[in-house]
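Engineer: Take a look at this one; I'll ask things after.
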Amino acid sequence: MAVKVQNQKIEEKELGFAFNKTNYTILIVGLVVIILGFLLMIGGGSDDPEVFSEALFGFRRLTLAPILILAGYIIEIFAIMHRPKQTN
């Protein structure tokens, strides 16, 4: 009976938390990249509704911002899937 209890305690210690400091750091970096992408997508409208603004179709809004958002989501997936190295 005592052996079972000791084995359970050892297994609990080995499992620990799913994420460590590295995972959380990568998650925060991914979140910042996603927010930056959305901030770059803001704006481009015209003050006068009768005037068309070409700024709506700029490189920043159509290419750069979606690439940053997609990269941020890829970073988030990597942060979730990243397994910390085992220390023995």
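The values are calculated or read from the model by the stated rules, or taken from the named source; none is laboratory data. Since the structure is predicted, the reported quantities are computational estimates derived from the model, not experimental observations. Positions of Cβ are backbone-derived with ideal geometry, glycine not excepted, and every protein chain shown enters the neighbour counts.
Engineer: Scanning for something at pLDDT below 95, at positive phi and either out of contact with any Gly (no Cβ under 8 Å at 6 or more places or on another chain) or outside any loop (DSSP other than H, G, I, E, B) (or both), does the range 74-85 turn up at least one residue?
Structural biologist: no
Engineer: May I pose another question? Out of A18, A55, which single residue is assigned to a loop (DSSP other than H, G, I, E, B) and either more than 21 Å from the chain's Cα centre (by Cα) or exposed (fewer than 14 other Cβ atoms within 10 Å of the Cβ) (or both)?
Structural biologist: On inspection, the qualifying residue turns out to be A18.
Engineer: Scanning for something at pLDDT 90 or above, within 13 Å of I80 (Cα to Cα) and in a helix (DSSP H, G or I), does the range 35-43 turn up at least one residue?
Structural biologist: No - not one qualifying residue is present in the range 35-43.
Engineer: Here is a further query. Only one of T63, T25 is closer than 18 Å to M81 by Cα and modelled with pLDDT of 90 or more. Can you tell me which?
Structural biologist: T25
Engineer: Could you tell me which of the residues L27, L36, L70 is without any contact (Cβ under 8 Å) to a residue 60 or more places away in the chain and touching a Leu at 6+ places or on another chain (Cβ under 9 Å)? First the steps, then the outcome.
Structural biologist: Numbers: L27 fails: touching a Leu at 6+ places or on another chain (Cβ under 9 Å); L70 fails: touching a Leu at 6+ places or on another chain (Cβ under 9 Å).
The match here is L36.
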